[in-house]
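Here, each number is a calculation from the coordinates, and none is a lab measurement. Small disclaimer: the values here were computed from a predicted structure and weren't measured. For neighbour counting, all protein chains shown are included, and Cβ atoms are generated from backbone atoms with ideal geometry for every residue, glycine included.
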Amino acid sequence: MRVLLDTNIFISREADRVVSSDLASLLGIFNELRSELLVHPLSVTELKNDKDEKRREVNLSKIRAYSILDNPPNPTSDAKYISSIGEPKSEHDRIDNAILFCIYRNAVDFLITEDREILKKSQSLGLEDQVFLIAEALVFFNRFIPPKVQIATPPALVKAHVYDLNIDDPIFRSLIGDYPTFRQWFERISREGRECYVSRRTDGTIGALLIYKIEDDPIPSVPPLPKRKRLKIATLKVTHIGYKIGELLIKVSIDLALHHGIDEIYLTHFIEPEDHLVELIQDFGFFQAAVLPGQRPEPVFIKHLKLTDPWISLEKPVEVSRICYPSFYDGELVGKFIIPIQPEYHEKLFTDFRGRRQSRLPEHLGEFVTEGNTIKKACLTQSKIRKLKPGDIVLFYRSKDLHAITSLGVVDQFNPDTTPGEIIRIIGKRSVYSKDDIERSIKNRSIILFRHHFHLKESISLDTLKSAGILKGHPQTITQIDQAAYEWIKTNGGIDESFTFN
């Protein structure tokens, strides 16, 4: 496994002379995995050009233990790549583009960086599952080594009240700085009994927090947004990076909105340079619709849970899954497939599945399985089918114990016939599979990257599927069904048609 290290992971830590404990742990994991750690030659050149002699020598000393990537690919001749991320605006930008191009051209398997601009560009290229922050990489690669070095995972996300929280917790420091009246607001909503979702670190401090409110008022923004029922995300804050808790909190917000019959969510947020929150919410369909006036105007981000422009579904069905999640296109333009999945992996992928009848209200999220609690997931299969494409509907059939279709997703990407090494690279942050899981079979496997949209309100048993003529017996592999069979499953499974377009 070849890993490219952006030199900013060494020089952006708390002190020039001290490598952070997370980075030290990560480098130890890479050593145990016998990974090839590489540095881009342009990164070395950039460090050598630092005019501060003392700082230059400290930073260069940190990277001398790593090999220089030999003859890296040059992005300047790739017009498609440049059009996707834009022309470089500075020398630093040119180097960032060259570093990311190594992932784009498969010169390396993964990139470790603390540069948010590189992360943003990787999303536009569909490479975000191969580009990691240090904390994300520590969580991901830790699963591939023996248990003796396993790191602690965060406790489950639980429902609480604001009055259960300590206003002096470190997570509130930036909010108090941004909002002069934050303490007064916090005391007021505590007295109101406002509810929230919280995940705590092992030391008891807050690692992630969602405070929400149901509103039915106009928003006094510019332009003004009319009166309607909305779910407001009053606070969404994550400091425990690496566990995709931010994505989980977006999922919880959507579940809450659906439970209360709401199809619009909004939040206000002061945009910062390299803003991870903005990148996160935009990936799930939030867009800036207005600003709140004031000495420092505050952007208003809106998300629609139902499609407002029907032409999107005809032009690019897979985009509906992203922009208007949990809505999705399910007409004749996309295929429909039943995928058998063993209970062990069903439990990892769908940690919020609690039996035949499902509630969208997340009272308690249970054991924290990072990727299982998220929207974007990955599934491995040995099926020989090659027809899957982005936008197709996948229906998951839980085998062995339940023998029923339980859940529905939309394909983001399909990669057939991948080797174990390719699997680890492609599924990246979405993986719920250990190294042993991936290497257990000598046969190549196919990868389905998908977004989970709904559990069926009523799981549909094999006997019922056989009676309806949809299946003849236990599905042993991915099975394609026609539109009529899918419509029958959608109706009998209780999927709300107001969230589908055809």
*With r as the distance between the Cβ atoms of Ser124 and Ala468 and R0 = 51 Å, compute the FRET efficiency 1/(1 + (r/R0)^6) and round to 0.05.*
0.75
*MRE, 222 nm, helices only [DSSP H, n ≥ 4, -39500 (n - 2.57), over the chain, to nearest 500]*: -9000 deg cm²/dmol
*Phi to ³J(HN,Hα) by Karplus 6.51 cos²θ - 1.76 cosθ + 1.60 over the stretch 40-53, Hz, x for Gly, Pro*: 6, x, 5, 5, 5, 4, 4, 5, 5, 7, 5, 6, 7, 4
*asked:* Among DSSP bridges having both ends in the chain, what percentage is antiparallel? Round to the nearest 5.
replied: 75
*Can you run phi through the Karplus equation (6.51, -1.76, 1.60; θ = phi - 60°) for the stretch 491-502 and list ³J(HN,Hα) in whole Hz, with x for Gly and Pro?*
5, 6, x, x, 6, 5, 5, 5, 9, 10, 9, 8
*So for the stretch 158-304: antiparallel DSSP bridges make up what percent, rounded to the nearest 5?*
95
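Find the relative contact order for the chain and round it to a whole percent, using C-alpha pairs within less than 8 Å whose residues are 6+ positions apart.
Value for the chain: 12 percent.
What fraction of the DSSP beta bridges in the stretch 2-149 is antiparallel, stated in percent and rounded to the nearest 5?
Roughly 10 percent of the beta bridges in the stretch 2-149 run antiparallel, per DSSP.
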*Would you mind computing, in nm to one decimal, how far apart the modelled labels at Gln483 and Glu497 are, each placed 7 Å from Cα along Cα→Cβ?*
1.4
*Between rounded, prolate and oblate, where does the stretch 240-304 land on the alpha carbon gyration tensor, with a ≥ b ≥ c its root eigenvalues, rounded for a/c under 1.5, else prolate if a/b exceeds b/c?*
oblate
*Computed label-point distance, nm, for sites Arg34 and Lys387 using a 7 Å Cα→Cβ extension*: 4.3
*At q = 0.15, 0.19 Å⁻¹, what is the base-10 log of I(q)/I(0) for the stretch 158-304 according to the Debye formula with one equal point scatterer per Cα and no solvent? Please give it to two decimals.*
-0.80, -1.37
*Which of the aspartates and glutamates could a cross-linker span from Lys227 if the Cα-Cα distance has to be under 18 Å and same-chain partners fewer than 8 positions apart are dropped?*
Glu215, Asp216, Asp217, Asp263, Glu264
_If I model a spin label at Glu215 and Phe287 as a point 7 Å from the Cα along the Cα→Cβ vector, what separation in nanometres do I get?_
2.0
_Is the C-alpha gyration tensor of the chain telling us rounded, prolate or oblate? Criteria: a/c under 1.5 is rounded; beyond that, a/b larger than b/c is prolate, otherwise oblate._
oblate
*If you plug each phi of the stretch 214-223 into the Karplus form 6.51 cos²θ - 1.76 cosθ + 1.60 with θ = phi - 60°, what whole-Hz ³J(HN,Hα) values come out, in order, with x for Gly and Pro?*
8, 10, 9, 9, x, 9, x, 9, 10, x
*Quick one, what does Rg over Rh come out to for the stretch 166-247 if you take C-alpha atoms and the Kirkwood Rh?*
1.01
*Within the set of other residues whose C-beta is less than 13 Å from the C-beta of Val410, count the net charge using Lys and Arg as +1 and Asp and Glu as -1.*
+3
*Local charge sum around Glu487 (other residues, Cβ-Cβ under 15 Å, Lys/Arg +1, Asp/Glu -1)?*
-3
*Local electrostatic count at Leu388 - Lys and Arg +1, Asp and Glu -1, tallied over other residues with Cβ under 11 Å*: +2
_Contour minus Cα-Cα distance for Glu192 and Ile167 (0.36 nm per residue)_ = 7.4 nm
*Can you flag which of Lys306/Lys400; Lys120/Lys387; Lys89/Lys120; Lys244/Lys348; Lys229/Lys251; Lys251/Lys384 are past 26 Å Cα-Cα?*
Lys306/Lys400; Lys120/Lys387; Lys251/Lys384
*asked:* When a/c reaches 1.5 or more, the comparison of a/b and b/c decides; with that in mind, is the stretch 2-149 rounded, prolate or oblate per its Cα gyration tensor?
replied: oblate
